[in-house]
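The values are calculated or read from the model by the stated rules, or taken from the named source; none is laboratory data. Keep in mind it's a predicted model, so treat the numbers as computed, not measured. Quick reminder, even Gly has a Cβ in these numbers, built from the backbone with ideal geometry, and neighbours come from all protein chains shown. All accessible areas refer to the heavy atoms of the entire protein, side chains included, with ligands and DNA or RNA removed. Shrake-Rupley method; radii C 1.70, N 1.55, O 1.52, S 1.80 Å.
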Amino acid sequence: MINLLLFPILLPFFFAMILMLFPKKILAQRTVASTALVLTFGVTLVLLYKVKTNGIQAITLGSWPAPFGISMVSDMLSVLLVLSSTLIALLVVWYSFSSIGKDRESFFYYPGILFMLTGVNGAFTTGDIFNMFVFFEVLLMSSYLLIVLGGEKGQLRESIKYILVNVISSALFVVTVAYLYSVIGTLNMADISVKIAQIDQPGIITVIAVLFLLVFGLKGAIFPLYFWLPSSYAAPPIPVLALFGALLTKVGVYAIMRTYTLFFTLDQGFTHEMLMILSILTIIAGCIGALAYFDVKKIIIYNIIIAVGVILFGASQMNEAALMGSVFYLIHDILIKGALFLLIGVIIAITGTSDLRKMGGLIKTYPMLGWTYLIAAFGLAGIPPLSGFIGKLLIVQGGFEAGNLWGSILILLSSLAVLLSVIRIFIYAFWGETVEIKPLTRQHYRGLFMPAVILVAISVLYGVGSEWLVPYMSDAASVLLEPALYIKAVLGGA
Amino acid sequence: MSFVYFIFIPMLAALVIPFLYKKVRGIHTGWFVLAVPVILFSLYTTFLSKVKNGESFTSSFEWIPSLNISVTSYIDGLSLLFSLLITGIGSLVVLYSIFYLDKTREQLHNFYVYLLLFMTAMLGVVQSDHMISLYFFWELTSISSFLLIGYWYKRDRSRFGALKSMMITVFGGLMMLGGFVLLSIMGDTYSIRELIASAPELGNHEWFVWSLILILLGAFTKSAQFPFYIWLPDAMEAPTPVSAYLHSATMVKAGLYLVARFTPIFASSEWWIWLVTGIGLLTLFWGSFFALKQTDLKGILAFSTVSQLGLIMSLLGAGAISFHTGIEEDSIFKYAAFAAIFHLVNHATFKGSLFMIAGIVDHETGTRDIRKLGGLMSMMPISFTIALIGSFSMAGLPPFNGFLSKEMFLTGMLSIQDFNLFAFDTWGILFPIIAWIASVFTFIYSFYFVFRTFTGKHKPDLLPKQAHEAPIGMLISPAILGSLVVAIFFIPNVIGDVLVKPAVVAIQPYLYDVPEDIHIHIKAWHGPNIELWMTIGIVLLGYLLYATLSKWQPLYNKFPQGFTLNRLYDTMMFLSEVGTNRLTRFYMTGFIRSYLVYMFTGIVLLTISTVFIKEAFDISFATLAPIRFYELIIALVLIAGTLTILLAKSRLTSIIALGAVGYSVALFFVIFNAPDLALTQLVIETVSVALFLLAFYHLPKLNRHENRMKFRLGNALVAIGVGVTVTIVALSAHSQKLVPSISSYYEKTVYKEAGGGNIVNVILVDYRGFDTLFEIAVLAIASLGIIALIQLRLTKKKEVNRIEDK
């Protein structure tokens, strides 16, 4: 089956359309949405197996030869991202049953999530730069739906900013694609790589490379383009925040990694140096923000920005260790951010506030929650053997190998800031004098806690079982290191 | 034998503890826990006889073989000595804790889980040959220490101390990891033994000193060396058994272990010798000097520990000198490492017992404040005896083990001035002087600790509890340690041969192959040499100063409070909380217009500078059509419309101007032969102007924010910048069509293969039909959003109620 790689895009799309037909039947919405995600997850597992055994999967739609039709490409990196995104969506949907509320559920909440996953999976899979723009639009439009859904005052206030920034970034995206098309006359990413190599990346291509970095950087929230993110993300309810936080910036990061390894590779002294400097500044800005707030949501949101910096630092080093570390860290961050957002969601549900200074002593009443949170926090900070460690180790190693001593040491120091920011939540919320709370009902608590625990457990396995992951990660990194593999899979032949 | 799994026995036991605690409430959980270190201790003693002969053992399991990451347990003299310390002192501490911690009032399961975790971590640190697993266990010790210090998590000081210790030690750990990674790149292995084997080549590498300093940061933070020691006094908030175990006998010695273990790699560097010896000596002095400022019994012991750790550190540094002098030369440096290890053992015995006594005093009187204590000798005679033994040993008096190692220490420091490399021959004289002064202070605080507590006037009204002797169970552990203090003095060479020499071989493999090569015999009496005179001086001056302590102790309060290291830490933490908050609020204004200004500025600067640096600007008129007169007019209308939007005072004018702009763009499409686009544009313009006019009624009055000139100028600048950038890049991209476009393929195939006439339509529905499908989907999603936005309006209040309904 050559079009297997389309299923992770089409399945959620198809089910989302079905869900639009009976928005008010909540039970049916829940069942169909979960079924769709389980199916998607299953298909993606099969796809993963296929990519592992048969190599990169590629198809050009409408039976047009590449580069004239739209190519869809599933290499190891993209299938891993699709898999983890689908997993997050599945657990978030489960979590939503007990948290999002019937009103939202009957107003296209689940179709919104499925549409967003369509866009996310599409963006990870496409091999065509304009088609990537289209999938960006799909995921952005669904995210607009999700962010305004409910129409609370704060939500609306932040949504307008979110939409404004993203509309601008979409416009910039189209403009940049137009520039690129004007110079090299093609949209297929493999073909772009070939053509840029033919003309040896002249200055104008480097300018376009920088513009792409900025376009994707707006999505991925790098310095100096992250400013819109913190307050916009804090507005929607927790499950939506978890989805956004775990997935949306990663699409931008993926796009940077893809374009900067596949075709903008001939002037690394300029482009990748700039990427490295921006990612270091991103880390610093993220650390400052993560330490600045007593609002649990804000703390974790700023940690997204730090992680983006760390991953891109790895990507900018362009050696095997660092790229593999980046892939390791990228997937880790999807899992752990999802887990942390769900966990702080539980904390907020219990205490009724997101202000740390109004919390305390939860460890007595909710010990399991406390320990789970602590493990997740250590995982985020990269304490071995948890999930963040291997990725960070490899990134640091790659940084040293590339001769960037200070940058690598800064990555290590950023771990300290990350640790401080998340351990502060533990100390304030779980330690200290007990603050009066209205306990949740057992059923409600379980509905919130279980998805979070499962996600933390997966992330722990991800760290401890790194050995089983290495073959996958090294496949993913090898495509990033050798664009020829990708090009061959798409264009065929030599 | 797969003894690598021994390391994990405590961790596995920790899994069972919570159940035992819940199910068997009648028996103190500590009794079950006690079995773990006792069994491990006896298991490790079986290695003694072989290790004594210089044998070593390895056992490992692979964690991530693809990346060469494994957990390897390597047992040689050094790691065995530490393993015995960890399990031996561990057993005594657990025994002590059974009587110290009340089984009904305390959360014992938490306590013992943390303690067992720590045991695994610590065994792992000292046995790991693989640097990554060493780092893993290293961080685990920091974490378990964090949890143990924060054990009484409701107390502010506990939480503060827990966080402080974790921040400082994890910082060191991360730096150490950096050093490890550098080493592994240089030596192409993570195995410490293999690195030692290739040590001579490593020395020439440009990163050698980097890795050295990074690793020392790890060692110095963990072993509470200057200036990182500040976490240790605050760590005293932990229950006393923890202080005795982690913060005196074992965890804080991990840094010493690290220095000892890496000596064979780094000894060749003068950085190593200077830093380890110098910082060690500074810490020795600093700790002993400020110990006398303390009024909390555990505070005194904490500073004393800092100081003693510095002493051992400086000896390890002096020991590294032997790398340069070699074995033939009859220098004292080859004894320094021996003295370091010997003192490490002695320190564990006397300091362990003293901590336990401090705990007993606290437990039985309700306070550790030395100003409230006094005259406890008659009430607590056994405790007093043990305290006396411990303190005299710490002060370096015979007949206790501290005397022996102190003499060796003085010998080592005296000989540094004879070393004629790295400028030691000029500065070396300072070393014995500082060592001597520090020893005087050590003498004073030892006396201060024991006599202020047990002699003098009893002040029962100041004590929260009626003082009495501790239960016998609590006295067992300190008594055992106390008797070791005495015993070692009389049979030092047994300890020397069995424990110390095999460890020294591990530190100085360049001098010795097997422990028998070490010809060191510990003697209490060396005749009237300079060390003896120094000791006599210490006793005389020390006693004199102790007797007059009350006269000069207040001087400590004269030190400026603003410049202490603690203040520095507090300031950093303050900056990390409040400082970052203020900074963030400065630029995170909450207004999208500020963010847009930042973002556009960034975009413009980065893009324009790239254009200039890469000389990408190019403009060619070759392929352009001539500009016709009416095109110019439409362009002028466009510009005028745009300016009107910006400057209009009323919203209505702006909307109309916006429409004019849109229609002129549509006109351009008409002129340039793109009727489809022109139609689309016209429809969109019409609809959006109509919609705007519909919404117009509901909009608030036009209110231009921030009419200040500066603000508007800034915005204008950014806006013009964006426009110019987009134009420049567009012109350049248009002028550099370097590769022929793929569009010729569409021209060729549109009739024959796609079967369509209009190439644009065929692209939309066939060549790129996939795009169109999802563009349509975008519209559908947008409509869902609009329906939801119109129909669903939740308020916060309703939200809360709804959640409670569930």
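Considering A:Ile70, A:Ile88, A:Ile129, which residue is more than 10 Å from chain B (Cβ to nearest Cβ), under 29 Å from A:Lys50 (Cβ atoms) and buried (at least 24 other Cβ atoms within 10 Å of the Cβ)?
A:Ile88 is the lone residue from the list that is more than 10 Å from chain B (Cβ to nearest Cβ), under 29 Å from A:Lys50 (Cβ atoms) and buried (at least 24 other Cβ atoms within 10 Å of the Cβ).
Regarding segment A:445-454, can at least one residue be identified that is open to solvent by 30 Å² or more (accessible area, probe 1.4 Å) and either within 12 Å of chain B (Cβ to nearest Cβ) or of a type in the set (D, E, K, R) (or both)?
yes
Kindly provide the set of residues from segment A:421-440 that are aliphatic (A, V, I, L, M) and open to solvent by less than 10 Å² (accessible area, probe 1.4 Å), ordered by number.
Result: A:Val422, A:Ile423, A:Ile425, A:Ala429.
Tally the residues that are touching a Ser or Thr at 6+ places or on another chain (Cβ under 7 Å) and either acidic (Asp, Glu) or open to solvent by 10 Å² or more (accessible area, probe 1.4 Å) (or both), restricting the search to segment A:249-281.
Counting residues in segment A:249-281 that are touching a Ser or Thr at 6+ places or on another chain (Cβ under 7 Å) and either acidic (Asp, Glu) or open to solvent by 10 Å² or more (accessible area, probe 1.4 Å) (or both) gives 3.
Has segment B:316-323 got any residue that is in a helix (DSSP H, G or I), touching a Pro at 6+ places or on another chain (Cβ under 9 Å), open to solvent by 10 Å² or more (accessible area, probe 1.4 Å) and touching a residue at least 40 places away in the same chain (Cβ under 8 Å)?
Taking every residue of segment B:316-323 in turn, at least one turns out to be in a helix (DSSP H, G or I), touching a Pro at 6+ places or on another chain (Cβ under 9 Å), open to solvent by 10 Å² or more (accessible area, probe 1.4 Å) and touching a residue at least 40 places away in the same chain (Cβ under 8 Å).
Do any residues in segment A:374-396 that are polar (S, T, N, Q) have Cβ atoms under 8 Å from those of residues that are surrounded by fewer than 24 Cβ atoms within 10 Å (Cβ to Cβ), where the two are at least six apart or on different chains, and which pairs are they?
Note: pairs meeting the criteria are A:Ser387/A:Val460; A:Ser387/A:Tyr462.
Given the condition of a type outside the set (Val, Ile, Thr), over 30 Å from A:Gly325 (Cα atoms), surrounded by 22 or more Cβ atoms within 10 Å (Cβ to Cβ) and touching a Gly at 6+ places or on another chain (Cβ under 7 Å), answer yes or no: does some residue in segment A:457-471 qualify?
No, segment A:457-471 contains no residue that is of a type outside the set (Val, Ile, Thr), over 30 Å from A:Gly325 (Cα atoms), surrounded by 22 or more Cβ atoms within 10 Å (Cβ to Cβ) and touching a Gly at 6+ places or on another chain (Cβ under 7 Å).
Between B:Ile444, B:Ile416, B:Ile386, B:Ile429, which is of a type in the set (A, V, I, L, M), at negative phi and out of contact with any Gly (no Cβ under 7 Å at 6 or more places or on another chain)?
Answer to the selection: B:Ile429.
Is it true that B:Ser142 is over 17 Å from B:Val259 (Cβ atoms), part of a helix (DSSP H, G or I), within 11 Å of another protein chain (Cβ to nearest Cβ) and more than 14 Å from the chain's Cα centre (by Cα)?
It is false that B:Ser142 is over 17 Å from B:Val259 (Cβ atoms), part of a helix (DSSP H, G or I), within 11 Å of another protein chain (Cβ to nearest Cβ) and more than 14 Å from the chain's Cα centre (by Cα).
Could you go through segment B:52-63 and let me know if any residue there is in contact (Cβ under 8 Å) with a residue 12 or more places away in the chain, open to solvent by less than 10 Å² (accessible area, probe 1.4 Å) and assigned to a helix (DSSP H, G or I).
No, the conditions are met nowhere in segment B:52-63.
Could you figure out which of (1) modelled with pLDDT of 85 or more; (2) open to solvent by less than 60 Å² (accessible area, probe 1.4 Å) isn't true of B:Met572?
B:Met572 satisfies all of (1) modelled with pLDDT of 85 or more; (2) open to solvent by less than 60 Å² (accessible area, probe 1.4 Å) except (2).
List every residue pair whose Cβ atoms lie under 7 Å apart, where the two residues are 6 or more positions apart in sequence or sit on different chains, the first residue falls within segment B:583-601 and is free of Cβ contacts under 8 Å to residues at least 40 places away in the same chain, and the second residue, located anywhere, is charged (D, E, K, R) and surrounded by 18 or more Cβ atoms within 10 Å (Cβ to Cβ).
Once the first residue is free of Cβ contacts under 8 Å to residues at least 40 places away in the same chain and sits in segment B:583-601, its partners that are charged (D, E, K, R) and surrounded by 18 or more Cβ atoms within 10 Å (Cβ to Cβ) give B:Ile592/A:Lys161.
Conditions tested, residue by residue: (1) in contact (Cβ under 8 Å) with a residue 12 or more places away in the chain; (2) within 11 Å of chain B (Cβ to nearest Cβ).
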position	(1), (2)
A:Gly399	yes, yes
A:Ile409	no, yes
A:Leu413	no, yes
A:Ser474	yes, yes
A:Leu480	yes, no
A:Leu485	yes, no
A:Gly492	yes, no
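Taking the condition at the interface with chain B (Cβ under 9 Å from one of its Cβ atoms), open to solvent by less than 10 Å² (accessible area, probe 1.4 Å), in contact with a helix residue (DSSP H, G or I) (Cβ under 8 Å, 6 or more places away or on another chain) and assigned to a helix (DSSP H, G or I), does A:Leu117 pass?
So A:Leu117 does not fit the description; no.
Quick one: is A:Phe107 within 11 Å of chain B (Cβ to nearest Cβ), open to solvent by 10 Å² or more (accessible area, probe 1.4 Å), farther than 18 Å from A:Leu48 by Cβ and in a loop (DSSP other than H, G, I, E, B)?
It is true that A:Phe107 is within 11 Å of chain B (Cβ to nearest Cβ), open to solvent by 10 Å² or more (accessible area, probe 1.4 Å), farther than 18 Å from A:Leu48 by Cβ and in a loop (DSSP other than H, G, I, E, B).
Taking into account only those residues within segment A:153-173 that are in contact (Cβ under 8 Å) with a residue 40 or more places away in the chain and under 23 Å from A:Lys102 (Cβ atoms), which is surrounded by the most Cβ atoms within 10 Å (Cβ to Cβ)?
A:Ser159
For segment A:375-397, give me the residue count where each residue is among the aliphatic types (A, V, I, L, M) and either facing chain B (nearest Cβ under 9 Å) or not in a helix (DSSP H, G or I) (or both).
Number of matching residues: 7.
What helices (runs of 4 or more DSSP H), lying completely within segment B:537-623, carry at least 1 residues that are more than 8 Å from chain A (Cβ to nearest Cβ) and over 33 Å from the mean Cα position of the chain (by Cα)?
Correct list: B:549-552, B:592-613.
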